[in-house]
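Worksheet: one structure, shown below.
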Amino acid sequence: MAAGAFVERLPTDQELVATYHVGRQTVRESVRRLGETFRLDRQRGKGTFVRETQFEQPVGTMYSLFQAIEGLGVEQRSVVRSCELKVDAIVAAELEVATDLPLFYLERLRLAGGVPLALDRVWMPADLADPVMATDFTHTALYTELKEKAGIVATSGEERIHPIIPSPAVAKLLEMPKGVAAFAIVRRTWLGDRPLEHRDTIFRGDRHAFVSTWSQQARLQTSSPHLTLVAEA
């Protein structure tokens, strides 16, 4: 199942009994235990189906999408749709550079286990991104490349997350089932006082979740009501 078996349907109890020559109770208990590891969806009259893995992202902390996915034993690859210098006056203003100055632009379709997970678009000042512009980003993290090739590590950042109904073009690109919503994430990071990146990411809502943990002690120690994070992807 972890390797993609039974992608269409899990065998019925009768089929499992006949295949493995075990009792019905053994089959039911085995399927129950599988349900503790894999998300199983039982549909009356249709059968049992294995739901796609949902990836969790902690908020308020450093986070690597690339490492988190591969840490689960799932390959994370990207289809690089664009890696170029590009002018964008609005983003340039956010990055505090001249509006007519070309920016490094990286657009990737992020895949988890070969299935689309997110559409990721990043803008950076070209002088900061110059050491990584020739990188093949199909199987690596942008922040890892910046650290290894330029010694650049973001010192602070923030993310704003909100649900959206994706456009038909984005929904098709992400291969989203009909009626599924998405998360739109706008991320900004800084290198000291200088803006480092502006990132716009759309995640499939059925494959991605955000998790927050807290304690009463931590709550008493801070007066800030919002969460901030620097995320590596």
> Taking the mean number of other Cβ atoms within 10 Å as a proxy for protection, how do you rank 111-122, 14-25 from highest to lowest?
Replying inline: 111-122, 14-25
> Can you pull the percent of Cα pairs in region 120-188 with separation above 15 Å?
Replying inline: 65
> So, in nm, how far is label Ser212 from label Arg28 when the simple model puts each one 7 Å beyond its Cα toward the Cβ?
Replying inline: 4.1
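Values in this text are rule-based calculations from the coordinates and carry no lab data. Just so we're clear, the structure is a prediction, and the values are computed from it rather than from any experiment. In this analysis, Cβ positions are derived from the backbone assuming ideal geometry, glycine residues included, and neighbour counts consider all displayed protein chains.
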